[in-house]
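Undergrad: Have a look at this one.
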Amino acid sequence: MPDTRNSNGDAPGMPDSAFRLLVVDDEENVRITTAAILEQEGYAVSTASDGREALEKVARGDFDLVLTDLRMEDMDGITLLNELQTRHPQLVTIVLTGYATIESSIDALRQGVYDYLVKPCVVDDLKQTVRRALEHRDQRRRISELSSPVVEIWDGVLLLPVVGRLDDARASQMSGALLEAVRAKSARAVIIDITGCTVVDSHTVAHLISAVRSARLLGAASIITGVGARVASDLVKLGVELADITTRRRLADGLRLALKLVDGGG
């Protein structure tokens, strides 16, 4: 079967809306065949020949699922799964291996894999497992994004943790909950923590700025935390003016500032 993938192992011409999958295997024929099967299901599939290449690709791309072999040179599948769970806990992972043992299946499950398939795998089993894994991922994401609880972490200090993707409907719910809490608690400082926000785009920023300004009208100073180098770079690229908005890299730094503000030391 010919491989139309480019030199980076990525399939060309896939729609932006397709789920993005990464197939990791040191056998080229397995990579090509598995990718072709999944592409027929409408997925955007990339490939990697070992764990290190997989980590590099995941760091650069926004993948939904990783399907990996276990026995590979340079970095094996268990090590890869451990790294993925640590660095990208939102990713769904599936093992597809020809060297199945009880020990390896237990090790894989400990790394949070969704399922464990054995080569040669029935094509329909592969398709169904991937489909169920992606449904599981979406369910997990929806649960995490159902609500954004506003927590009073100190007298007069509120915390709003933003987790996952912030769309218009959720942003409206979030802003309403925040302003209601500011009124009810007579809050003087609000911390909006975006450490767990998976996407920082122009819409997200617009919602955050709106929430900050609304809280200010009610007398509460606002601090946005979780603004690291990557997020700051994204904000600059988006042309966002943060001159009148207080930001901190870490939640702990934001809390210290909030306590100073409510104690009158701002």
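Undergrad: For Thr204, indicate whether it is at pLDDT 90 or above and within 23 Å of the chain's Cα centre (by Cα).
TA: no
Undergrad: Name every residue in the stretch 83-93 that is assigned to a helix (DSSP H, G or I) and aliphatic (A, V, I, L, M), in order of residue number.
TA: Across the stretch 83-93, the qualifying residue is only Leu84.
Undergrad: Tell me which of these Leu65 doesn't satisfy, since it passes every other one: (1) closer than 17 Å to Arg137 by Cα; (2) under 17 Å from the mean Cα position of the chain (by Cα); (3) modelled with pLDDT under 95.
TA: Every listed condition holds for Leu65 apart from (3).
Undergrad: Follow-up. How many residues are within 18 Å of Leu91 (Cα to Cα) and either touching a helix residue (DSSP H, G or I) at 6+ places or on another chain (Cβ under 6 Å) or not in a helix (DSSP H, G or I) (or both) if we restrict to the stretch 36-53?
TA: Residues in the stretch 36-53 being within 18 Å of Leu91 (Cα to Cα) and either touching a helix residue (DSSP H, G or I) at 6+ places or on another chain (Cβ under 6 Å) or not in a helix (DSSP H, G or I) (or both): 8 in total.
Undergrad: Mind telling me which of the residues Leu126, Leu80, Leu96, Leu67 ends up being in a strand (DSSP E or B) and either free of Cβ contacts under 8 Å to residues at least 60 places away in the same chain or farther than 24 Å from Gly164 by Cα (or both)?
TA: On inspection, the qualifying residue turns out to be Leu96.
Undergrad: Kindly establish whether Asp26 is more than 19 Å from Asp124 (Cα to Cα), assigned to a loop (DSSP other than H, G, I, E, B), of a type outside the set (Gly, Ala, Ser) and at pLDDT below 90.
TA: So Asp26 does not fit the description; no.
Undergrad: Quick test for you: out of Ile106, Ile143, pick the one residue that is farther than 30 Å from Val162 by Cβ, at pLDDT below 85 and either among the charged types (D, E, K, R) or part of a helix (DSSP H, G or I) (or both).
TA: Ile106
Undergrad: In addition: Restricting attention to the stretch 65-76, does a residue exist that is in the same structural domain as Leu126 (by TED's automatic domain parsing), of a type in the set (Val, Ile, Thr) and over 25 Å from Arg131 (Cβ atoms)?
TA: no
Undergrad: Assess whether Thr47 counts as being of a type in the set (Ser, Thr, Tyr) and either over 27 Å from Gly164 (Cβ atoms) or at pLDDT 90 or above (or both).
TA: yes
The values are calculated or read from the model by the stated rules, or taken from the named source; none is laboratory data. Every value quoted in this text rests on a predicted model; they were computed, and no experiment measured them. As a convention, Cβ positions derive from the backbone with ideal geometry for all residues, glycine included, and neighbour counts pool all protein chains shown.
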